[in-house]
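To start, the structure under review is shown below, and the notes come after it.
Every number here is computed from the coordinates shown, using simple stated rules; none is lab data. Worth saying up front: this structure is predicted, and the values here are computed from it rather than measured. All Cβ positions, even for glycine, are placed from backbone atoms using ideal geometry, and neighbour counts span all protein chains on display.
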Amino acid sequence: MKEISPEIQFPSAYRKVIIYYFSGTGNARNVALWTAKVAGEKGMECRIINIAETDRLVIPKPDADALVVFISPVHGFNYPPVMLHFLMRFPKGKNRVLLMNTRAGMLIGKWITPGLSGITFYLAALILWLKGFSIGAMVPVDMPSNWISIHPGLNERTVKYLHERNRERVMAFAGKAFSGKSDFRALYEFIQDVLISPISFGYYFVGRFLFAKTFYASGDCNNCDLCIKGCPVKAIIKVDNRPFWTFNCESCMKCMGNCSKKAIETGHGFIIGFLMLFSSVIMVLFYRYFGLWFFPIENGILRFLIETVLMLSFLGLWYRLIHYLMRFRFFERLVVFSSLTRYKFWGRRYRALKAE
Ligand SMILES: Cc1cc2nc3c(=O)[nH]c(=O)nc-3n(C[C@H](O)[C@H](O)[C@H](O)COP(=O)(O)O)c2cc1C
Ligand code: SF4
Ligand code: SF4
């Protein structure tokens, strides 16, 4: 194991640190563990809290003299709802806070391509600042991307390289931050973050519900219920004795990465079918029979709201129909073979390496 970087030699400005984290596939958990390791080396008292395993409705106030760290992945250019809601319920305080996120890192040669944070830090900082906290850092960490619903899974070499590099970077950062130094490196991306900010809102209000309904369990599922028990937001239920993804799913990818039968897939085929049917039939019928006289469709915002509600309602019904039809072998195969995650070139599942 490599020596911890020299930054750790800085004397600590704090006696205690509390690290709150949320993690789907383990990247944010690793960042939390590396940060805690540096705290331990500096002789600080350190608590790590996985917010998925804690009471998120009644959150105890952190000790007044503790440094507080929040770490979570970026989902749709923002912290995922579970983390945002946690921050909103977090008690008021005057502690110094470090904000970190894990993003979609990839590799071109030896260059780690950065992910995109969008409004992640600005929204979280605003929420905490309004509660009285002072923000001491905003640091993105480009860990291996886990979003295999939209891109092929990363190979082992890339995952290992990103893991190692980020371990060094996080520990170096933690060493400095614990000595009281500020670090706002996220601000270098301010202009790009502002430009993509509309997508963050689009993802929060619409996109995440769409993605929630892209997962399904194939015929390889043996009903072990691991995905149901392990989901951090309890978004999977049993319908017709098979896993069924509800709109509560945050697409954290944990279930997909953990299923020992590799039975969880992203249904690209049935989502394309849904989008085609929805835009070519449902919308046409809707406006043909109701739109022209019932709704002032020239009003853009109202039109968007109506179409979104219609789309999500129809998606819920469509997903239920697909789930029902998948009991028939022919249909199940059709859905499976139209899912990119089924294929070797795409579907490598992601689980973070163990933090050492
Ligand atoms: C639904 C979803 C949305 C994502 N959105 C973003 C994003 O907007 N920007 C980004 O850089 N990475 C994005 N990612 C990649 C993850 O943030 C990244 O892989 C992160 O390190 C995963 O952390 P975890 O293992 O702790 O869950 C997204 C991943 C998922 C599953
Ligand atoms: S973890 Fe996999 S095999 Fe187990 S119930 Fe979920 S989908 Fe089925
Ligand atoms: S259902 Fe799966 S992807 Fe969705 S939140 Fe739960 S573990 Fe994450």
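Under a GNM of the chain (C-alpha, springs under 10 Å), which listed residue has the highest mean-square fluctuation: LYS234, LYS344, LYS261?
Highest fluctuation of the listed residues: LYS344.
If one puts a single equal scatterer on every Cα of the chain and applies the Debye formula without solvent, what log₁₀ I(q)/I(0) results at q = 0.07, 0.08, 0.11, 0.15 Å⁻¹?
Those come out to -0.34, -0.44, -0.80, -1.31, one per q.
Antiparallel versus total DSSP beta bridges in the chain: what percent is that, nearest 5?
Details: 10 of 37 bridges.
If we restrict to bridges inside the chain, about 25 percent are antiparallel.
Among ASP225, ASP55, what is the fewest-to-most ranking by other Cβ atoms within 10 Å? List each step's numbers first, then the result.
Numbers: ASP225 12, ASP55 8.
Fewest-to-most ranking of ASP225, ASP55: ASP55, ASP225.
Between LEU315, LEU162, LEU226, where does the largest GNM mean-square fluctuation fall for the chain, given springs only between Cα atoms within less than 10 Å?
Of the options given, LEU226 has the highest mean-square fluctuation.
Work out from phi, with θ = phi - 60° and the Karplus expression 6.51 cos²θ - 1.76 cosθ + 1.60, the ³J(HN,Hα) of each residue of region 44-54, listed in order in whole Hz, and give x for Gly and Pro.
Values, residue by residue: 7, 6, 10, 10, 10, 10, 7, 5, 6, 10, 10 Hz.
Starting from the Cα gyration tensor of region 1-119, take the square roots of the eigenvalues, sort them a ≥ b ≥ c, and report rounded, prolate or oblate (rounded when a/c is under 1.5, otherwise prolate if a/b is larger than b/c, else oblate).
Details: a/c = 2.03, a/b = 1.07, b/c = 1.89.
Verdict is oblate for region 1-119.
Using a ≥ b ≥ c from the Cα gyration tensor of region 181-331 (square roots of the eigenvalues), is it rounded, prolate or oblate, where a/c under 1.5 gives rounded and otherwise the larger of a/b and b/c decides, a/b for prolate?
On the way: a/c = 2.61, a/b = 1.08, b/c = 2.42.
The shape class here is oblate.
Can you list residues from other chains, or at least 5 along the same chain, whose modelled amide H is less than 5 Å from the amide H of MET138?
Residues meeting the criterion, in which the H sits 1.01 Å from N, are LEU99, ASP183, PHE184, ARG185, ALA186.
Any idea how far the Cα center of region 262-279 sits from the one of region 83-147, in Å?
Taking the Cα centre of region 83-147 as reference, the centre of region 262-279 is 31 Å away.
Arrange the following residues from fewest to most other Cβ atoms within 10 Å of their Cβ: LEU84, LEU353. Don't jump to the answer; show the numbers that get you there.
Values: LEU84 19, LEU353 16.
Going from least to most buried by this count: LEU353, LEU84.
List the residues, sorted by chain then number, that are 5 or more residues from CYS46 or on another chain and whose placed amide H is less than 5 Å from its amide H.
HN-HN under 5 Å from CYS46: VAL17.
Given springs between every Cα pair under 10 Å in a Gaussian network model of the chain, which of TYR343, TYR122, TYR20 has the largest fluctuation?
TYR343
As a check on your grasp of the helix formula, calculate [θ] at 222 nm for the chain: sum -39500 (n - 2.57) over DSSP H runs of n ≥ 4, divide by the residue count, round to the nearest 500. Provide the component values of the computation, followed by the final result.
Working: 12 runs with 135 residues, N = 356.
Here the helix-only value at 222 nm equals -11500 deg cm²/dmol.
Arranged by the count of other C-beta atoms within 10 angstrom, fewest first, what order do SER145, SER197, SER279 take?
Values: SER145 25, SER197 16, SER279 12.
Lowest count first: SER279, SER197, SER145.
Which lysines have a Cα lying under 29 Å from the Cα of LYS262, excluding residues fewer than 8 positions away in the same chain?
Within reach: LYS160, LYS213, LYS229, LYS234, LYS238, LYS254, LYS344, LYS354.
If I measure Cβ to Cβ between cysteines in the chain, which ones have no partner under 4.7 Å?
CYS46, CYS221, CYS224, CYS231, CYS249, CYS252, CYS259
Could you pull out every residue, at least 5 positions away or on a different chain, whose amide H is within less than 5 Å of the one on TYR216? Hs are placed 1.01 Å off N in the peptide plane, and Pro or chain starts have none.
Distant-sequence amide H within range of TYR216: GLU265, GLY267.
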